1. Given the peptides 122-128, 71-77, arrange them by the average over their residues of other C-beta atoms within 10 Å, most packed first.
2. Suppose all protein chains stay in the model; what accessible area per residue would a 1.4 Å probe give for segment 44-109, in Å²?
3. Excluding residues on the same chain fewer than 8 positions from LYS119, give the lysines whose Cα lies under 27 Å from its Cα.
4. Taking square-rooted eigenvalues a ≥ b ≥ c of the alpha carbon gyration tensor, is segment 69-117 rounded, prolate or oblate, where a/c under 1.5 means rounded and, failing that, a/b exceeding b/c means prolate?
Amino acid sequence: MGGHRRMPVACNSSCSYRRLCRTPAEEGESPVTLAEDLSSWDKTVQSPIRFALMSILSEVDSANYRTLRSALQVSAPTLSKQITVLEDAGYVEVSKIARGRQVLTEVSLTDKGSAAYRKQLDILQRLASPYAETNGDISNTNQFVQ
């Protein structure tokens, strides 16, 4: 098995993805399992365009339609469809603002949307952590089985 770095079956409390290691939960903390993360995976947020859209909106109070199209490099119909999916889920709020003869569309993240984005980001970070800790070597996957 020469040269492959193996993750230990048990690790210290500084491991960023302790739930894959066989360490007890910290006091008062319930460990999250991979199955729990995968079952709470938000299919509404998983689309790369929607995830990127929510990422942009998480950094600002609101953004107009033109700015979002430019940042995401998508067509108007594509952006409109993705915004509608997020709006139907209650993750974004869309408002129309009249400026002279123009109507500007402003999109903002709701509290529910902000929580969903943070939760999905946390899951992605936990999923990526063990892979990063092995320097990309996933040849020894026995540590994932309990």
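1. Output ranking for 122-128, 71-77: 122-128, 71-77.
2. 60
3. The qualifying lysines are LYS43, LYS81.
4. Here segment 69-117 falls in the oblate category.
The values are calculated or read from the model by the stated rules, or taken from the named source; none is laboratory data. Note that the coordinates shown come from a computational prediction; the quantities given were computed from them, not determined experimentally. Reconstructed Cβ throughout: ideal geometry from the backbone, glycine too, with neighbour counts over all protein chains shown. Each accessible area value is taken on the protein alone, full model and side chains, heavy atoms only, with ligands, DNA and RNA left out. Shrake-Rupley method; radii C 1.70, N 1.55, O 1.52, S 1.80 Å.
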